[in-house]
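Input: a single structure, listed below in structure tokens.
The values are calculated or read from the model by the stated rules, or taken from the named source; none is laboratory data. Computed from a predicted structure; not experimentally measured. Reconstructed Cβ throughout: ideal geometry from the backbone, glycine too, with neighbour counts over all protein chains shown. These area figures cover heavy atoms from the full protein model, side chains too; ligands, DNA and RNA do not enter into them. Shrake-Rupley method; radii C 1.70, N 1.55, O 1.52, S 1.80 Å.
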Amino acid sequence: MSYAYLFKYIIIGDTGVGKSCLLLQFTDKRFQPVHDLTIGVEFGARMITIDGKQVKLQIWDTAGQEAFRSITRSYYRGAAGALLVYDITRRDTFNHLTTWLEDARQHSNSNMVIMLIGNKSDLESRRDVKREEGEAFAREHGLIFMETSAKTAANVEEAFINTAKEIYEKIQEGVFDINNEANGIKLGPQHSPAAAGGMAAGGLGGSQGGGCC
Amino acid sequence: MARPPPGSEAPEMFTVDLGQARSVRVFLTPGDPGCGQLVLCSRQSQYRILHFHCGGLEKLVCLLDGWKHLRSAGPAADDGGCRLFSVCGPSEQADTDHPEEGRHDPLSEDLWQRMVDHDGRLTDPDHLRRVVFFGGLAPSLRSTVWPLLLGVLSCSDSYSERQEHRHRLAEEFERICALPDAMSLSERAEFQRLVVSTVDKDVVRTEPGNPFFCGRANPNVQTLRRILLGFAAANPFLGYTQGMSDLLAPLLVILGEPADAFWALDALIKRSAAVICPRDDVMDVQLGYLRELLRLLTPDFYRHLSTVEDGLELLFTHRWLLLCFKREFAEPAALRIWEACWSCQQTRHFSLFVCAAICAAYAADVTDSAMNADAILLHFTSLSQHMDGDVVLRKARGLLYQFLSLDEVPCSLASLCTTEDGAGPWAGRRLAPVVCKGHDGGARCPAAR
């Protein structure tokens with residue numbers, strides 16, 4: 001399936017907040033609590049439709065530990081959207097948001113759309129950060145906010161798609177220069193004279209290549 | 001041919017429009033006619049890798065060759081379609097092999113018995129290292145040989161001396177495990193916050209697919225935890241860094257005893273050139289060496305990187321270095337690479353030659369289709385678990401030989417093959433004279449006496 005636009009996203013936040021699980025829930029519609037620890041960066045991709053147009057989200061899932069911050073900074077460049085994730089059951093992860101946000105603002109382009117996500121909303125009984133606190137932080141810093149559960153899939157689609165809608169609106173308003181790839185937006189092959197097609201179909205559309213027969 | 005994994009919704013058949021492909025490459029397996037991998041790359045850098053285990057690839061090569069001729073005979077192809085079809089055979093590399101290539105069989109039980117005297121002392125430790133470097137070793141010998149390669153145990157000790165030393169190390173390990181109990185309240189709170197909470201989250205997601213570690217309340221997972229907490233308590237400066245659990249897991253599987261695994265990890269972190277903690281300075285030094293090596297050994301790829309924005313940051317190599325290729329290759333191949341690195345033949349930085357070898361073997365696509373930094377990272381990430389470890393190792397040995405045969409070594413790489421920064425098992429030698437190539441801002445040459 002060929003796309004009209006490709007948006008680059010980055011998922012950031014403390015270790016263990018559920019970044020990889022959010023990605024997997026979004027790309028594969030499944031929850032896998034036990035997965036390999038992310039070292040460096042992992043990739044996922046999914047096609048969505050906005051305003052009747054096919055938009056491909058290319059999502060960079062990063063490692064959360066403090067020690068990897070300097071590496072993670074290199075991944076911000078050219079991202080159109082960022083999902084900044086904390087865990088509603090661990091206040092520490094909420095307290096670190098300011099540092100993450102500073103990093104993101106400093107190393108990305110100024111138009112990057114940032115979505116604040118309070119993950120693990122299914123663990124209401126262990127809640128340590130009130131919903132209102134997340135909302136207040138988002139309001140104060142001009143971010144979109146949502147609480148999600150990668151486990152039950154609640155709001156996961158919405159989180160990724162609403163971010164894309166915001167980016168799309170910015171394109172419509174002319175805020176993003178779509179001809180500059182440093183903005184994290186690429187025009188799809190169907191916009192080039194070579195016409196539609198794409199290396200389509202079958203297993204090729206998935207998140208990553210590969211797979212042994 | 002391309003059977004989807006059970007439960008996946010992918011259809012059993014798929015079509016590929018070659019006109020929309022960026023490249024089609026065939027990697028032939030050495031010594032196995034018609035076997036290898038067919039790698040299809042879309043213009044969005046998505047890869048499909050088809051493995052041919054039972055031959056047949058040669059027929060496809062003929063077919064695609066015909067298609068290529070047909071295309072090149074037609075009007076000039078500037079429609080952005082696939083212009084690249086190539087066969088990457090191993091034959092090209094024979095002339096760049098290390099001269100000792102193929103002269104050593106893997107270390108067998110039999111050969112091992114002949115290497116030690118009746119007390120268990122190794123008569124020629126260097127011979128052991130050379131055999132492991134070129135030939136690898138039988139998996140059954142790993143638990144015996146790894147502690148020697150890593151320098152935990154001494155080759156010049158007898159069996160009984162080694163046993164005694166192991167006992168002392170086991171006692172020391174128990175003492176280290178008790179360190180957190182002796183911490184003050186505030187120290188313990190800090191330790192809990194910085195180390196324990198992360199280790200607890202990480203051990204359960206370390207090789208979750210490996211039967212040795214899977215399942216709830218698996219005692220081996222608890223052992224991982226104990227070792228990592230002990231290491232962080234005994235080395236407050238290093239602490240715990242994500243990735244350590246990945247490196248520790250195979251050590252525990254192979255060595256079995258927690259204390260043995262602990263000391264192997266300790267040696268790996270402290271004595272090898274591995275980048276266990278991604279501190280900027282450690283990583284920067286390694287990346288600096290690697291940039292220079294790529295400039296010398298894979299000039300086309302280097303030239304491309306230097307024209308790409310941020311290309312020379314070498315982001316795609318970070319995980320290679322952090323986990324010593326563990327996620328890039330299937331485990332048997334990854335362990336052979338570890339052993340080759342630990343055997344420290346002529347350099348303690350063999351891992352950098354492995355990086356260069358991966359580039360030499362798999363970066364043609366990057367250069368040919370002029371990928372930017374993001375696409376390069378995607379390219380190598382998609383290749384993880386699909387690269388041929390033996391081809392890469394052989395190439396790495398060849399590149400090391402090529403490096404050691406240079407007429408002169410730039411001063412930036414002067415310490416790559418010397419004994420200066422690590423005596424004992426990491427011994428090597430420098431062959432060519434070091435030549436200063438000048439430094440930014442008139443800085444003093446590190447190789448100057």
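Observations on the structure shown:
- Its relative contact order, with pairs defined as Cα atoms under 8 Å and 6+ residues apart, puts segment B:138-271 at 33 percent.
- Taking A:ASP122, B:ASP97 and ordering them by how much accessible surface each has at a 1.4 Å probe, largest first, produces A:ASP122, B:ASP97.
- Qualifying trypsin sites (Lys or Arg not before Pro) in segment B:200-269, where qualification requires a DSSP coil assignment and no more than 10 other C-beta atoms within 10 Å, comprise B:ARG216.
- Restricting the calculation to Cα atoms, segment B:280-442 yields a radius of gyration followed by a Dmax of 15.4, 47 Å.
- Partners of A:LYS56 within straight-line reach, counting lysines whose Cα lies under 20 Å from its Cα and excluding those fewer than 8 residues away in the same chain: A:LYS8, A:LYS19, A:LYS29, A:LYS165, A:LYS170, A:LYS186.
- Averaging the sequence gap over all C-alpha pairs within less than 8 Å and six or more residues apart, then dividing by the number of residues, gives segment A:79-161 a relative contact order of 32 percent.
- Per residue, segment B:280-442 exposes 34 Å² of solvent-accessible protein surface, assessed with a 1.4 angstrom probe and all protein chains in place.
- Amide hydrogen neighbours beyond the local backbone of B:LEU137, cut-off 5 Å, H modeled: B:LEU107
- Here each label is just a point 7 Å from Cα along the line to Cβ, and for B:HIS118 and B:ALA178 those points are 4.1 nm apart.
- For B:HIS386, no residue has an amide H sitting under 5 Å from its own, ignoring neighbours fewer than 5 places away on the same chain, with H placed 1.01 Å from N.
- Using a Förster distance of 30 Å, the FRET efficiency for A:LYS130-A:HIS107 (Cβ separation, nearest 0.05): 0.50
- Both chains summed, the buried accessible area for B and A stands near 4300 Å², from protein heavy atoms and a 1.4 Å probe.
- Within segment A:20-56, the residues that become at least 40 Å² less accessible when every protein chain is included than when their own chain is isolated (1.4 Å probe; DNA, RNA and ligands ignored) are A:VAL34, A:HIS35, A:ASP36, A:LEU37, A:ILE39, A:PHE43, A:LYS56.
- Value of relative contact order over segment B:309-429, rounded to a whole percent, pairs C-alpha under 8 Å and six or more apart: 38
- Solvent-accessible surface of protein heavy atoms, probed at 1.4 angstrom with all chains present, puts A:PHE176, B:PHE52 in the order B:PHE52, A:PHE176, largest first.
- Rolling a 1.4 Å probe over the protein heavy atoms leaves B:SER306 with an accessible area of roughly 60 Å².
- Gyration tensor (Cα) of chain A, equivalent ellipsoid semi-axes in angstrom: 28, 20, 16
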